[in-house]
Amino acid sequence: MASSSRESRIRRATILDVAAAAGVSRQTVTRAMNDMPGISPATRERVQQLAAELGYSPSRFAKGLVQGARISLGLAIPDLTNPYFPAFASSVVEEATQRGWNVVVDDFGHGSGSGLDAVARLAPQVDALIGYLGACSSDAQAMMGRRPVVVLDYPAGQAAGGISFDYSYGAGLALQRFMSEGRRRIGYLDSDQEGTATTRGAAVAAAAAAAGIELIVGQCLDSAPAAREALRALLEEDGGIDGLLVFNDLMAAGAMKGLHDAGRAVPEDCAVIGMDGIPLGELLTPELTTLALDLRAVGRSAVDLVDNLLSGAIKASSDEASLILKHQLVLRQSA
């Protein structure tokens, strides 16, 4: 019941709601909201006033059909200071601009609220939305109404489309690499999610259990300085670690600094593998081995999915609207 009442509060007013309140046809609402001829000034004013009271704003996609406007795509990003997200955002912008679309970006990770707050800011401006929205994915789709939302890295969401990543496959690649190098004391440094394992962390733990590896797990905030400190604590707890898989490349950079602080050589004393494949890894010494995503492919897949959802070529929430991409192990000097 609570879920239904929440969804009713955030449900976006539709053109049919305005038409019913004004006692006019849908076509009359369209004319009034787009300042088209064929209706009286009084009717136009009354419809526009009711639309404002109901919180109705025409879909930019619908206005585009009337006025020839370009499609506007929203992009909700949790942290543009993490190098992964600018790299991902640039791939989305590149793909969207090739179609002649506009892109509106909202970075909600720095005091500007939650992912749902970002959706609320973007919704009046866009025809579709792509974002890392996590647990608010279902509410985000409800807020956007029939306009598609494509959610990244949250397969449990109820959005129109989703792109998730096969972390079990990636974890298997990393663990196989460690074992082939004779490393048996393997650690995993996860991002802190209030004491619970992340989706990546759960996949790594399952892959380790399947391989008979007793994994040594640590958690910290998603930053290089936090990883540096967490690595020190991890070594104090169990100094025998000789292989380390890290939640992302940014944290892996911090972990390598922590190993250096402790007098541990990489990869001689401890091999390190990051995750995501951002350009930062090539700038480290030694260069970072990583489970890399092709970020251009991720951006292309997300924009393609939005395009197909808008056109109706793919039905919202169908099997075709749920994609799974795989990491590839990029071997460099750290492992």
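The values are calculated or read from the model by the stated rules, or taken from the named source; none is laboratory data. What you are looking at is a predicted structure, and each value in this text was computed from that prediction instead of being measured. FYI the Cβ positions are ideal-geometry reconstructions off the backbone, even for glycines, and counts take in every protein chain you see. Surface accessibility is based on the protein's heavy atoms, side chains included, excluding ligands, DNA and RNA. Shrake-Rupley method; radii C 1.70, N 1.55, O 1.52, S 1.80 Å.
For the reader, a short list of remarks on this structure follows.
- Condition met for V204 (farther than 19 Å from T289 by Cα and in contact with a Phe, Trp or Tyr (Cβ under 7 Å, 6 or more places away or on another chain)): no
- Whichever residue in the range 156-178 is within 11 Å of the chain's Cα centre (by Cα) and not hydrophobic (A, V, I, L, M, F, W, C) and, among such residues, is surrounded by the fewest Cβ atoms within 10 Å (Cβ to Cβ): S164
- When the range 264-290 is filtered for residues that are within 20 Å of the chain's Cα centre (by Cα) and not in a strand (DSSP E or B), the ones remaining, listed by number, are G277, I278, P279, L280.
- Meets criteria (of a type in the set (K, R) and outside any helix (DSSP H, G or I)) for K315: yes
- Residue list for the range 214-240, filter: in a strand (DSSP E or B) and either more than 18 Å from G274 (Cβ to Cβ) or open to solvent by 50 Å² or more (accessible area, probe 1.4 Å) (or both): V217, Q219
- Restricting A202, A211 to those that are in contact with a helix residue (DSSP H, G or I) (Cβ under 6 Å, 6 or more places away or on another chain), over 28 Å from E282 (Cβ atoms), surrounded by fewer than 16 Cβ atoms within 10 Å (Cβ to Cβ) and small (G, A, S) reduces the list to A211.
- Verdict on I278 being open to solvent by less than 50 Å² (accessible area, probe 1.4 Å), more than 30 Å from G74 (Cα to Cα) and among the β-branched types (V, I, T): no
- Qualifying positions in the range 241-254 - open to solvent by less than 30 Å² (accessible area, probe 1.4 Å) and out of contact with any Lys or Arg (no Cβ under 7 Å at 6 or more places or on another chain): L244, L245, V246, N248, D249, M251, A252, A253
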